[in-house]
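The values are calculated or read from the model by the stated rules, or taken from the named source; none is laboratory data. Since the model is a prediction, treat every value here as computed from it, not as a measurement. All Cβ positions, glycine included, derive from the backbone under ideal geometry; neighbour counts span all protein chains shown. These accessible areas exclude ligands, DNA and RNA; they are computed on the full protein's heavy atoms, side chains included. Shrake-Rupley method; radii C 1.70, N 1.55, O 1.52, S 1.80 Å.
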Amino acid sequence: MSGELKFLAFCIEIYKNAKKISGTEVYNIFEKYNVLNYIRECYGALHTTGAQYIVDNIDEFIGK
């Protein structure tokens with residue numbers, strides 16, 4: 001598994017835990033707002049940050 005793929009899985013898990021929602025709910029949100037593509041595009045910067053920053057960044061991206 002590539003580092004980028006591991007990071008995507010990490011982002012899904014931390015978002016799920018931070019929001020206390022199911023994996024299905026995370027999938028639906030990420031699919032609706034194309035979050036996985038966003039994370040891939042920003043991998044270089046995001047993978048050097050902390051979990052809370054990533055959650056906040058995703059929320060900002062989707063307009064929450």
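Provide Rg over Rh for the chain; use the alpha carbon set for both Rg and the Kirkwood Rh (inverse mean inverse pair distance).
On the way: Rg = 10.7 Å, Rh = 11.6 Å.
Over the Cα atoms of the chain, Rg/Rh equals 0.92.
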Student exercise, the chain dipole from Lys, Arg, Asp, Glu Cβ charges, in Debye to nearest 20: 140
Accessible area (Å², 1.4 Å probe, nearest 10) - TYR43: 60
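Tell me the mean residue ellipticity at 222 nm calculated for the chain from its helices only (DSSP H runs of n ≥ 4, each -39500 (n - 2.57), averaged over every residue, nearest 500).
-23500 deg cm²/dmol
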